Amino acid sequence: MSTAALSQTVEEYVEAIHRLGRTPGGVSTTRLARHLGVTPASVTGMLKRLSNLRLITYRRYRNITLTPAGERSARELIRRHRLTERLLTDVLGVPLAEAHDEACRLEHAVSPAVEGRIAETLGEPDACPHGNPMDVDADDPTFGLVDAPLNRTLTIVRLEDESPEVVRYLAERKLLPGARVKVKTREPLGGAVVLEVAGKRQTVGAELAASIRVRQAGRRR
């Protein structure tokens, strides 16, 4: 089903299910409700609608998965979202920390024709300003900072967590895409990671470090 035929609420659910489906733990009613800031009862009602639209496979007390039609819709939505972020930051000068939420509001009003014009105007970018690829199925050669080797020069490629508070936190510490970093120490048992960036030491928690995706400096993306 084309995303043009979906309501804004349905689009938000499809996109959220796709995003959560790529994280540890899968997609449950509880996780989806927490992610969207709604009640579990509201989620249950919408899941029945999505199932009737043949966008998801849903059974109570089991993980929720997108059908092939749901996957296609999610890929279209995410590409539109990331192009909108590029338009906001590159053309309109919206700060990176605000781009995600603003794009969430605008993406539902962008038609396929306008989406094509945006992509053409921006030179067909291959990633959003957070570094995440326009093609969600593209090969991902990156790895999380939490798993990075010690004392190797690394380049931050993308940020999996695009929430404003996280992006502001990382911006203050110069931990944005393009930055060169080294992992100096890593606390045992899932503890904090100590980084060197721009000649200074910065400490980030293991969960956040896992969401900062890097590659070895000098290697092509």
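Structure values in brief
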read-out: Among (1) farther than 25 Å from P164 by Cα; (2) under 24 Å from the mean Cα position of the chain (by Cα) - the single one G191 does not satisfy; value: (1)
read-out: Positions within segment 1-22 being surrounded by 13 or more Cβ atoms within 10 Å (Cβ to Cβ) and at pLDDT below 85, in sequence order; value: M1, T3, L6
read-out: So V214, is it without any contact (Cβ under 8 Å) to a residue 40 or more places away in the chain, surrounded by 12 or more Cβ atoms within 10 Å (Cβ to Cβ) and of a type in the set (A, V, I, L, M); value: no
read-out: Filter result for E160 (charged (D, E, K, R) and either exposed (fewer than 14 other Cβ atoms within 10 Å of the Cβ) or farther than 18 Å from R215 by Cβ (or both)); value: no
read-out: Residue list for segment 127-165, filter: of a type in the set (V, I, T) and either closer than 19 Å to A74 by Cβ or touching a Leu at 6+ places or on another chain (Cβ under 7 Å) (or both); value: V136, I156
read-out: The lone exception for A97 - which of (1) free of Cβ contacts under 8 Å to residues at least 60 places away in the same chain; (2) within 21 Å of L159 (Cβ to Cβ); (3) touching a helix residue (DSSP H, G or I) at 6+ places or on another chain (Cβ under 6 Å) it fails; value: (1)
read-out: Residue ranges of strands (runs of 3 or more DSSP E) in segment 154-206 with at least 2 members among the polar types (S, T, N, Q); value: 200-204
read-out: Hits in segment 113-147 - residues which are in a loop (DSSP other than H, G, I, E, B), without any contact (Cβ under 8 Å) to a residue 60 or more places away in the chain and surrounded by 18 or more Cβ atoms within 10 Å (Cβ to Cβ); value: C128, P129, H130, N132, M134
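The values are calculated or read from the model by the stated rules, or taken from the named source; none is laboratory data. None of the values given here were measured: they were computed from a predicted structure. Note that we place each Cβ from the backbone using ideal geometry, even for glycine, and neighbour counts take in every protein chain shown.
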